[in-house]
Amino acid sequence: MEEDLFQLKQLPVVKFRRTGESSRSEEDGISGEHEVQIEGVRTELEPVELGDGAAVPKEFANPTDDTFMVEDAVEAIGFGKFQWKLSVITGLAWANAMEMMILSILAPQLHCEWRLPSWQVALLTSVVFVGMMSSSTLWGNISDQYGRKTGLKISVLWTLYYGILSGFAPIYSWILVLRGLVGFGIGGVPQSVTLYAEFLPMKARAKCILLIEVFWALGTVFEVLLAVVVMPTLGWRWLLILSALPLLLFAGLCFWLPESARYDVLSGNQEKALATLKRIATENGAPMPLGKLVGSRQEDRGKMRDLFTPHFRWTTLLLWFIWFSNAFSYYGLVLLTTELFQAGDVCSISSRRQEVKAKCSLTCEYLTEEDYTDLLWTTLSEFPGVLVTLWIIDRIGRKKTMALSFLVFSFCSLLLFLCVGRNVLTVLLFIARAFISGGFQAAYVYTPEVYPTATRALGLGTCSGMARVGALITPFIAQVMLESSVYLTLLVYSGCCLLAALASCFLPIETKGRGLQESSHKEWGQEMVGRGSHSPG
């Protein structure tokens with residue numbers, strides 16, 4: 001016994017943790033310092049600091065803990081080759097923005113070719129948002145019940161199938177139904193963010209999710225360039241078919257895509273989760289934490305009532321309004337931009353509306369090369385929005401980033417009351433779109449972080465559904481109300497964003513520097529404690 005105690009005294013113990021914030025919640029108030037009190041044994045722990053993104057040294061890979069959670073493993077393995085591959089594959093699914101951008105190109109073409117009245121052209125756009133709104137919650141529920149990979153794969157294949165099929169639509173009623181079904185599939189694509197976020201270490205999560213949004217902007221730019229080449233020669237049918245190419249590529253790469261280890265642990269499949277984590281560690285060339293993978297199994301997943309527990313009730317309601325305001329303002333600005341550019345400024349828009357009323361509703365105007373150029377320049381404003389959000393989101397936090405985005409958009413909307421020239425108008429619209437798109441991106445970072453694994457996909461799905469409600473309502477403001485009063489229209493958008501800024505500030509939880517919850521209980525991950533070799537003191 002005395003000999004064992006003597007040997008124990010000779011083992012120097014060190015503790016290490018990454019520099020920066022702990023993966024625990026700041027709200028928990030639990031110190032990451034762990035000390036073992038043994039009588040007669042030196043208990044001081046020597047800290048070993050690791051730089052941001054640095055892999056845990058092999059000799060420190062959690063040898064003193066006999067258990068670890070998925071959060072610990074993801075943090076220990078770090079960001080590497082696996083996450084780079086996952087970024088590209090997830091981005092291909094996110095490039096479905098092409099299916100959204102095609103609406104602004106397809107509508108005037110069918111208006112001319114099939115001699116459709118204006119209300120039928122508008123219905124062609126609305127039916128896509130109806131499909132997205134009706135399916136977002138369903139896809140979230142499927143992803144929580146049957147897995148993130150399953151829900152994402154089915155929704156992408158659904159969108160691909162009906163997207164290609166709509167290129168063969170013989171009459172208006174067919175394309176109306178088929179585009180609605182495309183919208184139904186697009187409602188599940190945001191689940192790619194859920195899957196992606198669950199494989200990212202805390203330090204890289206915000207930046208990576210924001211960079212994934214770049215694929216949305218790239219998709220819209222690629223769609224405009226594709227239309228410039230395809231529309232004059234092959235026509236709109238080939239444009240619909242070729243626009244499905246990114247989703248076709250994603251479908252082929254789905255076999256490589258792993259299921260979320262967090263979901264596997266929650267569904268009781270510990271062995272599969274461990275195999276996934278080992279695969280990531282191997283690809284990244286990083287060690288796995290030693291010990292046994294643990295986690296709480298939860299059979300009751302993806303239930304709406306879980307979004308309204310006392311801990312999440314206010315978060316859910318405020319997020320619904322924030323997502324509604326984001327889509328309401330974003331798509332409203334897209335519609336207003338065309339009207340304001342064609343009128344020249346706000347002061348000239350009323351007289352222009354009178355001229356438009358005198359025209360027949362069947363007046364046909366094909367998109368010109370200049371129109372495509374304007375579409376391209378408007379779309380490019382998404383990129384500054386990504387860069388600004390990327391720069392501030394880890395500095396001031398998620399809540400303040402969303403609030404700032406809404407405030408800047410509201411301020412720019414009020415400045416449009418002035419009779420400014422074309423150049424100033426372009427600058428104001430560019431800034432407004434950059435910040436409202438940045439606010440949208442910040443919401444995509446915050447929402448998966450704030451909900452636990454058991455309801456993460458459902459929470460994101462319901463928020464996405466509320467965003468589609470905003471997208472459905474906004475044409476009645478940006479087009480119908482605009483005919484009565486342009487100033488009242490701008491006031492509605494400005495007021496809505498001011499309220500959304502307040503809602504962002506009142507969110508009860510800040511997720512900056514916090515690990516992902518595995519269940520409804522506060523399980524934020526652990527500080528890793530290890531033992532290393534150095535000269536005994």
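Couple of notes before you dig in:
- Geometric extent, Cα atoms of the range 66-286 - Rg, Dmax (angstrom): 19.4, 71
- Hull volume per residue, based on the alpha-carbon atoms of the range 165-236 and their convex hull, is 100 Å³.
- Semi-axis lengths, Å, the range 368-490, gyration tensor of Cα atoms, sqrt of 5 times eigenvalues: 28, 19, 15
- With the simple model of a label 7 Å out from the Cα in the direction of the Cβ, F411 to L157 spans 4.9 nm.
- Percent accessible area from carbon and sulfur atoms, the range 66-286, protein chains only, probe 1.4 Å: 72
- By average C-beta atoms within 10 angstrom, highest first, the peptides 257-267, 235-245: 257-267, 235-245
- The orientation-averaged projection of the convex hull spanning the C-alpha atoms of the range 68-121 amounts to 6.2 square nanometres.
- Proximity of backbone amide H atoms, modeled 1.01 Å from N, is registered between K512 and R398 at under 5 Å, excluding neighbours fewer than 5 places apart on the same chain.
- Were the residues from A204 through C112 laid out at 0.36 nm apart, the gain over their Cα-Cα distance would be 28.3 nm.
- Expressed as a whole percent, the accessible area of the range 474-515 that falls on carbon and sulfur atoms is 75 (1.4 Å probe).
- One Cα centroid belongs to the range 409-453, the other to the range 257-292; the line between them spans 39 Å.
- Placed amide H near T67: partners under 5 Å, 5+ positions off or other chain: K292
- In the calculated pair-distance distribution of the range 91-163, the portion above 17 angstrom amounts to 54 percent of the Cα-Cα pairs.
- Couplings for the range 218-233, taken from phi via the Karplus curve 6.51 cos²θ - 1.76 cosθ + 1.60 with θ = phi - 60°, read 5, x, 5, 5, 4, 5, 5, 5, 5, 5, 4, 7, 7, 4, x, 10 Hz in order; Gly and Pro are left as x.
- Directionally averaged shadow of the range 445-484, computed from the convex hull of its alpha-carbon atoms, nm²: 3.2
- Relative packing of peptides 282-288, 490-496 - highest average C-beta neighbours within 10 Å first: 490-496, 282-288
- A 1.4 Å probe run over the protein chains yields, for the range 66-286, 35 Å² of accessible area per residue, whole-number rounding.
The values are calculated or read from the model by the stated rules, or taken from the named source; none is laboratory data. All figures in this text were calculated on a predicted structure; none of them were measured in a lab. We place every Cβ from the backbone using ideal geometry, glycine too, and count neighbours over all the protein chains shown. For the accessible areas, the whole protein counts, side chains as well, though only heavy atoms, and no ligand, DNA or RNA atoms are used. Shrake-Rupley method; radii C 1.70, N 1.55, O 1.52, S 1.80 Å.
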